[in-house]
Amino acid sequence: MSGPGDPSAPRSVVIVGGGSAGWMTAAALSRAFGQRLSIRVLEDAKEVGDTGVLAPFEATLPSLNSFNTSLGLDEDRLMAGTNATFRLGTNFRDWTRRDHDYIHPFSEFGGVMEGTGFHHYWLRLKAAGKVTPFEDFSLAAVAARKGRFSRPSDDPRSVASTMSYGLHLEVAPYVAALKSAALARGVEGIVATVVDVERRSDGESLAAVVSDDGRRFDGDLFIDATGQAGAIISLMGGERVDYSRWLPCDRIAASMTTGPVGAPVSEARAVRGGWLWKAPLRSGTRSARISATGFGGDKAGLAFSNGRRSRSWIGNCIAIGLSATTLEPLEASGLHLVQSGVSKLIGLFPAGGSMAASAAEYNRLMAAEADRLRDLLILHYRANGRTGEPLWDAVRNTAPPDELAHKIRMFASRGRVVLYDEETFEEPSWIAVFMGQNIVPQRYHPSADQLTLDQVRERLDRMRTVIAKAADAMPAHAEALAAQTKAFKKS
């Protein structure tokens, strides 16, 4: 694609499976390469309309906003069509102890002072017994508590620029919007049930996939978007790396309730045998119960297993979405992992010749990203404070992966956040979860002593006041949605 017409560069892509992974991939590839790339999406007749995610609703990360914009999807129109609301983070209830909650917000905490991270100054005041709740210094958390929302400011001088937002949405209409965008750019959608593959003479790549009625679909690249089964990548030798020893939940059952629009925040409430997920949509609250059946959890709903492929790209076949990585929706990473997989594929798209180098780098990046997300999920379980319950006692007493163990040691001892390559969540998110899960550093950094205690208290009081006023100035979440809908209808 990038060379002077290299005849060995891929010219055709066959995507097996529709849903969110298939149509996000098709829309992004068609946007990146236009008519230079022939793209066909093969959807099983039984799965047309399938969303390809664990639940019929999703909570998204802020990164999806720019992805949607790059595809030409207008956010207001998209939100109206997907029953969507805004999302400022997740409220974690009853994880550290019953009747206690904290918010993992999409915003910074305070601000860097004299070159030192804000949380070190907060820790200094805490040691002096003169501190207000850590959450008070996050605009997204304060606004979520108050049930208020407005889009972030573009002015870097404004405190309203320190936060971002995701969405809560219904996945089926979102997939429909992606499909429409892809078809408009020349992607071909075909109803076909793939039952077999044909290999090339090298034995390492695919020549074609074959449907149950004998049709043969050849291509240069094949995308496995078949969901957890990984129907194509598993035939290529893509073994799974199992996360279930740390993340034993394996069932998800979704439901819906009606009522007024709630606060712009998801909720994850720990319960016996699992946790409950709630997302406010315009027509009511969507809920799901995520259970660990091995610890007495509910056996109803869709079965899944936390884990990833050892290799997501093998030969000329790339697994994207659940066929590559399956993680419970605790930190709403499902659609992000699809987006990330597609973006990395575009960046490493073969220009001709052997695909081995691109595949090796893709596999390194995707494995690292999945493992870092795994660690953040494990942190919630590892640091839980629920005692006398089989699930929670077991996950608290299971030794974490080495990388996470090092992160915990460093933060607990001195407030340092260790970040590895391919982190989806940056320092503010890790700080939020550490502090929220009651892993409070034993000491603050010595550089936080360069200001007097009175100076630190004065600055933090000023920050807290500015953040509270900014949140109070926002409209209620329902009012923000109504104003958005009214503006959209006028446009």
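Summary of values
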read-out: Matching residues in segment 246-261 - criterion: being over 21 Å from the mean Cα position of the chain (by Cα) and not hydroxyl-bearing (Ser, Thr, Tyr); value: Met256, Gly259, Pro260, Val261
read-out: Segment 231-288, subset acidic (Asp, Glu), at pLDDT 95 or above and over 24 Å from Thr85 (Cβ atoms), residue surrounded by the fewest Cβ atoms within 10 Å (Cβ to Cβ); value: Asp242
read-out: Test: residue in segment 173-185 that is surrounded by 13 or more Cβ atoms within 10 Å (Cβ to Cβ) and not in a helix (DSSP H, G or I); value: yes
read-out: Boolean, Ala140 is buried (at least 23 other Cβ atoms within 10 Å of the Cβ) and not β-branched (Val, Ile, Thr); value: yes
read-out: Conditions (1) under 27 Å from Ala448 (Cα atoms); (2) within 18 Å of the chain's Cα centre (by Cα); (3) in contact (Cβ under 8 Å) with a residue 12 or more places away in the chain: number failed by Leu419; value: (3)
read-out: Output for segment 204-227, where each listed residue is open to solvent by 60 Å² or more (accessible area, probe 1.4 Å) and either touching a strand residue (DSSP E or B) at 6+ places or on another chain (Cβ under 7 Å) or under 21 Å from Val338 (Cβ atoms) (or both); value: Asp212, Arg216, Asp218
read-out: Index of the failed condition, Asp155 passing every other in (1) of a type in the set (D, E, K, R); (2) under 30 Å from the mean Cα position of the chain (by Cα); (3) assigned to a strand (DSSP E or B); value: (3)
read-out: Condition check for Thr424: out of contact with any Asp or Glu (no Cβ under 9 Å at 6 or more places or on another chain), under 18 Å from Gly307 (Cβ atoms), touching a residue at least 24 places away in the same chain (Cβ under 8 Å) and among the β-branched types (Val, Ile, Thr); value: no
read-out: Residues (in a helix (DSSP H, G or I) and either in contact with a Leu (Cβ under 8 Å, 6 or more places away or on another chain) or small (Gly, Ala, Ser) (or both)) located in segment 408-420; value: Ile408, Ala412, Ser413
read-out: Any hit, segment 475-485, residues being in contact with a Lys or Arg (Cβ under 6 Å, 6 or more places away or on another chain) and assigned to a helix (DSSP H, G or I); value: no
read-out: First in segment 365-378 and more than 12 Å from Lys344 (Cβ to Cβ) and open to solvent by 10 Å² or more (accessible area, probe 1.4 Å), second anywhere and basic (Lys, Arg) and outside any helix (DSSP H, G or I), Cβ under 9 Å, 6 or more apart; value: Asp371/Arg308; Arg374/Arg308
read-out: Candidate set: segment 35-92, residues that are open to solvent by less than 50 Å² (accessible area, probe 1.4 Å) and hydroxyl-bearing (Ser, Thr, Tyr); chosen: the one nearest to the chain's Cα centre (by Cα); value: Thr60
read-out: Residues that are of a type in the set (Ser, Thr, Tyr) and surrounded by 15 or more Cβ atoms within 10 Å (Cβ to Cβ), drawn from segment 448-478; value: none
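The values are calculated or read from the model by the stated rules, or taken from the named source; none is laboratory data. Predicted model only: the values in this text are computed from it and were never measured. When we count neighbours, we look across all protein chains shown, and the Cβ atoms used for this are built from the backbone with ideal geometry, even at glycine. With ligands, DNA and RNA removed, areas are computed over all heavy atoms of the protein, side chains included. Shrake-Rupley method; radii C 1.70, N 1.55, O 1.52, S 1.80 Å.
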